[in-house]
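In what follows, a structure is listed as structure tokens, so that the remarks can point back to it.
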Amino acid sequence: MDKKQAADRILKLRSIINDYRYRYHVLDESTMTEAAADSLKHELEQLESQYPELITDDSPSQRVAGKALDKFEKVPHKYPMISLADVFNREELEAWVERTEKLAPGHTREYFVDVKMDGLACSLIYEDGKLTQAVTRGDGAVGEDVTLNIRTIQNVPLRLRGSSGIEHFLNGRTEIRGEIVMYKDDFDRLNAQREEAGEELFKNPRNLAAGTIRQLDPLLVAKRPLHFHAYDMLREDSTELTTNMQAYEVIRSLGINANSVATTFNNLDTLLKFADEWDEKRRDLKFNTDGLVVKLNDRALYNSLGTVGKTPRGAVAYKYPAEEATTIVKDIVISIGRTGAATPVAVFDPVTVAGTTVQHASLHNADEIDRKDIRIGDTVVIHKAGDIIPQVVRVLKELRPDSTKRFHYEVELERQYPELEFHRAAGEAVFRVKGQTSDAMLKRGLEHFASKGALDIDGLGSKNVVTLVDAGLVKDFADIYMLTKEQVLELERFADVSAGKLIDAIQAKKNPPLNKFIYGLGIRHVGAQTAIDLANNYKKLDSLGTATYEELKNVNGIGEIVAESILAWFVDDDNQALLAKFRQLGVWPKDVKHVGGKLSGKSFVITGTLETMGRDLAAEKIRELGGTFQSSVAAGTTYLVMGAKAGQSKAEKARKLGTEVIDEQQLLEMF
């Protein structure tokens with residue numbers, strides 16, 4: 001987007017983020033999940049990075065959190081409680097490492113790592129070993145005095161323990177920082193009790209912990225099972241603690257809980273292996289976490305780097321793939337399933353949710369679109385957990401462009417399917433193709449699937465298709481591969497020889513050419529030649545199935561209407577189930593093999609972000625032209641392609657190995 005569009009988007013993002021932070025940090029209300037808020041903040045930071053002249057002092061990217069509540073006494077922090085900058089992948093983590101190395105070259109790097117707790121940040125102040133004050137983070141500079149409430153938490157010592165070798169920490173001022181959390185089991189138990197009593201359920205452990213600490217009555221706080229987990233320790237003499245790992249050891253010796261998960265690493269490879277392991281294991285933790293905290297273990301080095309804006313240079317938060325994110329609806333297409341049901345599908349700018357790239361989601365029906373008022377151009381919150389199909393949770397109407405219009409379902413049906421008529425039965429939410437039954441559509445589709453232009457299955461003509469469907473033996477295309485000779489022999493039209501021939505003919509076409517299979521699927525507007533173009537371009541059915549709307553439009557011979565139709569077919573739930581069934585039965589088209597090409601003998605590695613295409617598409621193009629795509633630079637790698645926001649570690653390695661470094665434009669010229 002240009003500068004004017006960016007300025008407008010930035011203003012809207014700031015407004016919604018500020019509102020979220022105020023409600024989340026001050027009022028303990030949650031207008032969206034933290035993952036969705038992180039996604040918006042990440043977008044804001046990217047735009048401000050692209051247009052630094054648009055950054056203002058009051059931008060959410062330049063501050064820590066919300067204001068302190070008036071109902072508690074405000075307390076200035078002696079040392080600001082600053083927040084961490086987020087990184088979301090290896091390349092962003094590598095870029096952080098490179099920045100620290102430039103600022104302090106020659107130092108040996110050791111990284112301290114702990115799980116990032118999802119709780120309420122709080123600082124405990126001990127004078128000569130006795131708890132004198134507890135202060136919430138507040139806005140980072142000024143917090144709230146919640147001492148009486150913190151004293152009710154069982155694992156917060158009212159006096160620090162003394163132990164051999166650390167007696168001096170019981171003298172003077174000691175500040176312990178950490179998170180107040182509620183364990184997942186305790187949260188579930190409380191909600192079960194409330195459900196039984198007919199009371200409104202709590203939303204999540206973090207909100208409940210924060211809300212509890214801000215209760216004016218300590219007796220109520222005492223009834224809630226809260227826990228304090230420390231993550232830092234501050235003393236007047238900063239040289240008393242040389243490393244963050246030592247700080248954890250001292251904290252535990254003083255009688256305060258610090259996570260046993262915390263450890264140190266000397267290189268990023270082992271650190272990232274640890275991060276991958278805990279992406280799975282974190283679900284077994286007592287509390288919720290959405291990532292790791294990565295710090296320079298050397299506290300003197302950490303302190304020497306200082307801060308940039310409101311974040312320390314010596315630490316970052318490595319965030320795991322969120323189960324919620326925000327994206328923009330680019331289009332709404334309507335898919336016609338095998339039963340004739342018309343299902344609307346939202347097409348997004350690709351966004352990573354729960355570790356996978358999501359670019360579309362079912363909107364279910366016309367009523368659902370009206371209820372959520374989803375429009376083309378809207379910014380929406382997407383939720384996806386594990387293998388669950390992505391869902392549009394809600395629209396962020398504060399970011400809605402003025403030009404958006406309500407989506408009129410019947411008008412769109414007429415525009416996208418001018419040759420069809422639709423009706424909606426009384427009491428139903430779904431529009432269906434008028435005059436078509438599911439059996440009639442299946443018979444017509446299966447006949448096409450078996451035709452000469454498609455899979456060319458001998459013996460599976462119109463009459464035999466009708467016989468099989470009417471007998472209830474075939475309910476979808478994949479069912480033909482489950483037929484047995486004994487089943488077919490029971491039908492009037494078949495004898496021993498003809499039944500055997502039909503079964504053999506079907507089994508012989510379990511791995512057809514890709515273009516034949518694509519054509520046989522009966523995707524609207526995809527004829528035999530278009531199927532060839534798609535097969536030659538994508539080489540694999542999986543690659544075609546994950547292609548974006550923009551990518552499809554750029555394939556020779558495929559315009560907006562065909563791209564829309566292909567996308568609608570692949571996002572339909574029934575069609576996805578059909579493909580899964582094919583795969584389970586061992587029915588799958590052959591990949592298109594490309595021999596030779598202008599890039600034959602050359603190998604490529606891509607780092608950073610390409611502006612004209614996704615990395616996967618660039619990799620397919622390289623392979624299509626005979627080249628080899630690699631994930632990392634090695635001896636013999638021909639080219640390293642440097643995209644936008646690329647880290648320098650791969651470039652440095654490429655130079656050492658004699659690999660030629662090129663930019664995106666040079667790669668496109670090779671294509």
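The values are calculated or read from the model by the stated rules, or taken from the named source; none is laboratory data. Because the structure is a prediction, the values reported are computed rather than measured. Ideal geometry is used to build each Cβ from the backbone, glycine not excepted, and the neighbour counts take in all protein chains shown.
Numerical summary
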quantity: Test for Ser498: is it surrounded by fewer than 21 Cβ atoms within 10 Å (Cβ to Cβ), out of contact with any helix residue (DSSP H, G or I) (no Cβ under 6 Å at 6 or more places or on another chain), small (Gly, Ala, Ser) and in a helix (DSSP H, G or I); calculated: yes
quantity: Looking only at the range 214-245, and only at residues there that are under 31 Å from the mean Cα position of the chain (by Cα) and within 13 Å of Val146 (Cβ to Cβ), the one that is surrounded by the fewest Cβ atoms within 10 Å (Cβ to Cβ); calculated: Phe228
quantity: Which listed residue is in a helix (DSSP H, G or I), hydroxyl-bearing (Ser, Thr, Tyr) and touching a helix residue (DSSP H, G or I) at 6+ places or on another chain (Cβ under 9 Å), from Thr100, Thr152, Thr132; calculated: Thr100
quantity: Exclusive hit being at pLDDT 90 or above and among the charged types (D, E, K, R), set Asp237, Asp284, Asp279; calculated: Asp237
quantity: Residue that is nearest to the chain's Cα centre (by Cα) [pool: residues in the range 410-442 that are outside any loop (DSSP other than H, G, I, E, B) and farther than 21 Å from His525 by Cβ]; calculated: Glu410
quantity: Qualifying residue in the range 522-541 (condition: touching a strand residue (DSSP E or B) at 6+ places or on another chain (Cβ under 9 Å), assigned by TED's automatic domain parsing to the domain that holds Glu447, closer than 20 Å to Asp349 by Cβ and in a loop (DSSP other than H, G, I, E, B)); calculated: no
quantity: Test result for Ile506, within 19 Å of Gln576 (Cβ to Cβ) and out of contact with any Lys or Arg (no Cβ under 8 Å at 6 or more places or on another chain); calculated: no
quantity: In the range 369-393, the residues that are charged (D, E, K, R) and at pLDDT 90 or above; calculated: Asp370, Arg371, Lys372, Asp373, Arg375, Asp378
quantity: Subset of the range 308-331 [touching a Phe, Trp or Tyr at 6+ places or on another chain (Cβ under 6 Å) and part of a loop (DSSP other than H, G, I, E, B)]; calculated: Gly314
quantity: For Gly608: the one exception among (1) of a type outside the set (A, V, I, L, M, F, W, C); (2) modelled with pLDDT under 80; (3) over 30 Å from Pro418 (Cα atoms); calculated: (2)
quantity: Test result for Leu103, at pLDDT 90 or above and surrounded by fewer than 18 Cβ atoms within 10 Å (Cβ to Cβ); calculated: yes
quantity: Hey, Trp569 closer than 17 Å to Lys539 by Cβ and surrounded by 16 or more Cβ atoms within 10 Å (Cβ to Cβ) or not; calculated: no
quantity: Filtered residues of the range 636-653 (kept if assigned to a helix (DSSP H, G or I) and either without any contact (Cβ under 8 Å) to a residue 40 or more places away in the chain or assigned by TED's automatic domain parsing to the domain that holds Glu92 (or both)); calculated: Glu652, Lys653
quantity: Residues being touching a residue at least 12 places away in the same chain (Cβ under 8 Å) and part of a loop (DSSP other than H, G, I, E, B) - total across the range 462-489; calculated: 7
quantity: Qualifying positions in the range 280-304 - of a type in the set (D, E, K, R), in contact (Cβ under 8 Å) with a residue 12 or more places away in the chain and over 25 Å from Leu208 (Cβ atoms); calculated: Lys295, Asp298, Arg299
quantity: Any hit, the range 296-309, residues being within 17 Å of the chain's Cα centre (by Cα), over 18 Å from Tyr248 (Cβ atoms), at pLDDT 90 or above and not polar (S, T, N, Q); calculated: no
quantity: Inter-residue pairs, beta-carbon under 6 Å, first more than 22 Å from Met482 (Cβ to Cβ) and in the range 507-526, second at pLDDT 95 or above and buried (at least 18 other Cβ atoms within 10 Å of the Cβ), 6+ apart; calculated: Leu514/Pro589
quantity: Ala619 being out of contact with any helix residue (DSSP H, G or I) (no Cβ under 7 Å at 6 or more places or on another chain), among the hydrophobic types (A, V, I, L, M, F, W, C), without any contact (Cβ under 8 Å) to a residue 24 or more places away in the chain and assigned by TED's automatic domain parsing to the domain that holds Ile480; calculated: no
quantity: Count of the range 368-397 residues which are in contact (Cβ under 8 Å) with a residue 60 or more places away in the chain, over 16 Å from the mean Cα position of the chain (by Cα) and exposed (fewer than 13 other Cβ atoms within 10 Å of the Cβ); calculated: 0
quantity: Residue within the range 621-631 that is crowded, with 20+ Cβ neighbours inside 10 Å and in a strand (DSSP E or B) present; calculated: no
quantity: Complete set of residues in the range 502-521 that are in a helix (DSSP H, G or I) and either surrounded by 15 or more Cβ atoms within 10 Å (Cβ to Cβ) or outside the structural domain of Val571 (by TED's automatic domain parsing) (or both); calculated: Leu502, Ile503, Ala505, Ile506, Leu514, Asn515, Lys516, Phe517, Ile518, Tyr519, Gly520
